Amino acid sequence: MAVHMVKCVKFGKELPGLDEPPWPGELGQRIYDNVSQDAWKLWLEHLKMLINEYRLAPATLEAQEIIAQQMEQFFFGEGAALPPGYVPPPRKKG
């Protein structure tokens, strides 16, 4: 099976994309079409911080709306692309 390749909005280059839209509706389709697996991993780390910071209950409609807004901003908002030469911080051991 061929790997789904996308021109990643975060990294600005061709990378393997997600296996399926990760969110319902048009936003999920845009992410599927424009976001790489690597960028999605960055989002999941960012999402953990959001959930903790805002004490979101992801099962609630209110939280899902906040998550969708943040997701759209993260991938498609102003300044969404990473600076050229961006290197993610090293993961903490432990």
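Annotations
- Test: residue in the range 64-77 that is part of a loop (DSSP other than H, G, I, E, B), within 23 Å of V9 (Cα to Cα) and at pLDDT below 90: no
- Search result, residues across the range 1-56 that are under 9 Å from the mean Cα position of the chain (by Cα) and of a type in the set (S, T, N, Q): S36, Q37
- Here A39 passes the criteria (1) surrounded by fewer than 17 Cβ atoms within 10 Å (Cβ to Cβ); (2) part of a helix (DSSP H, G or I) except the one numbered (1).
- On the stretch given as the range 45-63, residues that are in a helix (DSSP H, G or I) and small (G, A, S) total 1.
The values are calculated or read from the model by the stated rules, or taken from the named source; none is laboratory data. This one's a predicted model, so the numbers in the text were calculated from it and none came from an experiment. Counting neighbours? That spans all protein chains shown, and the Cβs are built from the backbone with ideal geometry, glycine included.
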